[in-house]
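I have placed the structure first, in the form of structure tokens, so that the comments after it can refer back to it.
The values are calculated or read from the model by the stated rules, or taken from the named source; none is laboratory data. What you see is a predicted model, and the numbers here were worked out from it, not measured in a lab. We place every Cβ from the backbone using ideal geometry, glycine too, and count neighbours over all the protein chains shown.
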Amino acid sequence: MLIEMLRSSRAVLLQPSVATFEAHEQRKLGWALLYVLIGAAINAVLGWITFFVQQPFLARQRATLEAYFADLEARLGRDLPFEAFLAARSPGIPVLGSLMNTMAGFLIYLGVVYVLGRLLGGKGRLGELAYDIALFWVPIAIAGALINLFSIGWFSCLTAPLAIGVTGLGFYLTYLSVQAGMNLPPRRALVVVIIPALVPLLLFCLAIAIFIALAGLEVSAFAPGAALPWL
């Protein structure tokens, strides 16, 4: 069955269309989840390798940031909570944790897409939708992990377009799979795909707005009406 799923993945990647998804579609939720689990395990191992490969570069980056923060604190004459910022940048995620995060992400996304599809009149089954999404989710997740492995220093200029391309391909394949798995017309399928993509973007914009507002309050409290030390 796994060999059949690999062949189906190859088909939807090389000939992406609603007809291709429907030709390979099966109502097998369990096999879809197993396929994603195997992909998540591969993804987690690649993430573990990436951590060790990028360690020297990350160590130099951390040293540079620490020097910059120390200089900034000296200019301000006060301590700033940059240690928490540096700790948050650490990519050290256990393999098991990464695997669980990938599986949780797939299940949450699958549930959101299925509910939205049903609300918009979709008649497909959960197993069919899961199978269709799993066919491209796994290879795209692995491709993303491989791209991240080589995203070091100046190589990031080369890998960034690849990452954008893989993300765009995933969005397009999701759009096709929703049409096939939920039996939805193109416009409704597009709505189903866009809504989950917009929510994280809106949350990100909200977080940036809050950060800017807090930064403005911090600057005002530090030196109201006066020029900042580094200007």
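Total residues in region 139-165 satisfying the condition of being of a type in the set (A, V, I, L, M), without any contact (Cβ under 8 Å) to a residue 60 or more places away in the chain and surrounded by 15 or more Cβ atoms within 10 Å (Cβ to Cβ): the figure is 5.
Kindly provide the set of residues from region 118-167 that are outside any loop (DSSP other than H, G, I, E, B) and β-branched (Val, Ile, Thr), ordered by number. Within region 118-167, 133, 138, 140, 142, 147, 159, 164, 166, 167 qualify.
If you go through region 1-38, how many residues are closer than 22 Å to residue 107 by Cβ and of a type outside the set (Phe, Trp, Tyr)?
First, pick out the residues of region 1-38 that are closer than 22 Å to residue 107 by Cβ: 1-2, 5-6, 8-9, 12, 21, 24-38.
Adding the requirement that they be of a type outside the set (Phe, Trp, Tyr) leaves 1-2, 5-6, 8-9, 12, 24-30, 32-34, 36-38.
Total satisfying the criteria: 20.
Of the helices (runs of 4 or more DSSP H) contained entirely in region 1-97, those carrying at least 2 residues that are among the charged types (D, E, K, R) and at pLDDT 75 or above fall at 2-14.
Can you say whether residue 172 is out of contact with any helix residue (DSSP H, G or I) (no Cβ under 8 Å at 6 or more places or on another chain), assigned to a helix (DSSP H, G or I) and in contact (Cβ under 8 Å) with a residue 40 or more places away in the chain, as far as the supplied structure shows?
Taking the combined requirement at face value, the residue satisfies it.
Any residue at all in region 115-138 that's small (Gly, Ala, Ser), touching a Ser or Thr at 6+ places or on another chain (Cβ under 8 Å) and under 20 Å from residue 36 (Cα atoms)? Break it down into steps so the answer makes sense when it comes.
Pass one, region 115-138, residues small (Gly, Ala, Ser): 117, 121-122, 124, 127, 130, 134.
Among the residues that remain, those that are also touching a Ser or Thr at 6+ places or on another chain (Cβ under 8 Å) are: none.
Looking for residues that are small (Gly, Ala, Ser), touching a Ser or Thr at 6+ places or on another chain (Cβ under 8 Å) and under 20 Å from residue 36 (Cα atoms), one finds none in region 115-138, hence no.
Output yes when any residue across region 107-116 is among the hydroxyl-bearing types (Ser, Thr, Tyr) and assigned to a helix (DSSP H, G or I), and no when none is.
yes
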